[in-house]
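These notes are about the structure you will find just below.
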Amino acid sequence: MINCLIVDDSPIARDILSEYCKFSPKLNVAGSLGDALAARETMAVSDIDILYVDINMPVLSGIELVRTLPRQPQVIFTTAYSEFAVEAFELSACDYLVKPFSLDRFIIATEKAVKNIAADTKRRLPQSHFLFIKNEGAIHRVDAEKILYLEASRNNTKVVTEDDMLISTMSLSYIEKKLPGNGFQRVHRSFIINTSKVTSLHHNKVFIKKNAIPLGENFKSDFIKAIGLT
């Protein structure tokens, strides 16, 4: 469900918006409030996805409310005044509804907000990260999430995954630069591990399944921080 908050000092306007929201099955009306200060308090403790907010309100206007929010939801201004539209869109408002507005116009604005939320959610989803590893004259695509650890071995790098083991002519330092920013940690000058695959830590050894990997003294502090033990 998509949580929405209605903020308007007019009880009639709030009732109309509440009724309109019933025509959008994805919406959950998390609150219907008569002033912006109460709205700000509510939004500090609740996840609000869409804010339907009037502009002309006592104490704190809708525009002032939006301007002070640390995390801005999809904002749809609902007002009797058209002259604030430019200022509203400068605040990245999703839409601007001038009262009285129809149900159809409300639905158009709401669907736009819902699409924006879906797009934002998709952008925040972690993307699969693949590396291309040279191995015996061939190039293999390796899913970074499946890597257990990497080991420098003479002039080569051993890439050990959940399914396979590759010997690459690429250096450990070169592959390290291609790894995702989070989740991989150098624990020894010759080893980089996937911290999500660690099964245990004993003295100066890190265990990934049955593989015992040395934990270098110079790398211990950073590793302990990376797995959240400090």
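The values are calculated or read from the model by the stated rules, or taken from the named source; none is laboratory data. Just so it is clear, the model here is predicted, and its values are computed rather than measured. All Cβ positions, even for glycine, are placed from backbone atoms using ideal geometry, and neighbour counts span all protein chains on display.
Residue by residue through the stretch 33-83, note down the ones that are outside any loop (DSSP other than H, G, I, E, B), modelled with pLDDT under 95 and small (Gly, Ala, Ser).
Answer for the stretch 33-83, where residues must be outside any loop (DSSP other than H, G, I, E, B), modelled with pLDDT under 95 and small (Gly, Ala, Ser): just 44.
Among 154, 141, which is at pLDDT 90 or above, farther than 24 Å from residue 227 by Cβ and of a type in the set (D, E, K, R)? Give the derivation first.
Values: 154 fails: at pLDDT 90 or above.
Being at pLDDT 90 or above, farther than 24 Å from residue 227 by Cβ and of a type in the set (D, E, K, R) holds for just one of 154, 141, which is 141.
Return the residue satisfying two criteria in turn: it lies in the stretch 19-46 and is touching a residue at least 12 places away in the same chain (Cβ under 8 Å), exposed (fewer than 15 other Cβ atoms within 10 Å of the Cβ) and farther than 25 Å from residue 68 by Cβ, and of such residues it is nearest to the chain's Cα centre (by Cα).
Looking at residues that are touching a residue at least 12 places away in the same chain (Cβ under 8 Å), exposed (fewer than 15 other Cβ atoms within 10 Å of the Cβ) and farther than 25 Å from residue 68 by Cβ, I get 26.
With respect to residue 86, is the statement that it is in contact with a helix residue (DSSP H, G or I) (Cβ under 7 Å, 6 or more places away or on another chain) and either of a type in the set (Asp, Glu) or in the same structural domain as residue 103 (by TED's automatic domain parsing) (or both) true?
Numbers: in contact with a helix residue (DSSP H, G or I) (Cβ under 7 Å, 6 or more places away or on another chain): no; either of a type in the set (Asp, Glu) or in the same structural domain as residue 103 (by TED's automatic domain parsing) (or both): yes.
Taking the combined requirement at face value, the residue does not satisfy it.
Looking at the stretch 166-175, is at least one residue closer than 21 Å to residue 212 by Cβ, in a strand (DSSP E or B) and touching a Lys or Arg at 6+ places or on another chain (Cβ under 7 Å)?
Let us first name the residues in the stretch 166-175 that are closer than 21 Å to residue 212 by Cβ, namely 166-167, 172.
Subset that is in a strand (DSSP E or B): 166-167.
Next, only the ones that are touching a Lys or Arg at 6+ places or on another chain (Cβ under 7 Å) stay: 167.
Checked the stretch 166-175: at least one residue is closer than 21 Å to residue 212 by Cβ, in a strand (DSSP E or B) and touching a Lys or Arg at 6+ places or on another chain (Cβ under 7 Å).
Go through (1) loosely packed, with under 13 Cβ neighbours inside 10 Å; (2) touching a residue at least 12 places away in the same chain (Cβ under 8 Å) for residue 138 and report which single condition fails.
Of the numbered conditions (1) loosely packed, with under 13 Cβ neighbours inside 10 Å; (2) touching a residue at least 12 places away in the same chain (Cβ under 8 Å), the odd one out for residue 138 is (2).
Which of the numbered conditions does residue 105 fail, given that it passes all the others? Conditions: (1) part of a loop (DSSP other than H, G, I, E, B); (2) in contact with a strand residue (DSSP E or B) (Cβ under 7 Å, 6 or more places away or on another chain); (3) not hydroxyl-bearing (Ser, Thr, Tyr).
(1)
Please specify each residue of the stretch 85-123 satisfying the condition of being among the acidic types (Asp, Glu), farther than 19 Å from residue 25 by Cβ and within 26 Å of the chain's Cα centre (by Cα).
Pass one, the stretch 85-123, residues among the acidic types (Asp, Glu): 87, 90, 95, 104, 111, 120.
Then drop every residue that is not farther than 19 Å from residue 25 by Cβ, which leaves 87, 90, 95, 120.
Hits for the stretch 85-123 are 90, 95, 120.
Looking at (1) under 23 Å from residue 103 (Cβ atoms); (2) in a loop (DSSP other than H, G, I, E, B), find the lone condition where residue 30 falls short.
All conditions are met except number (2).
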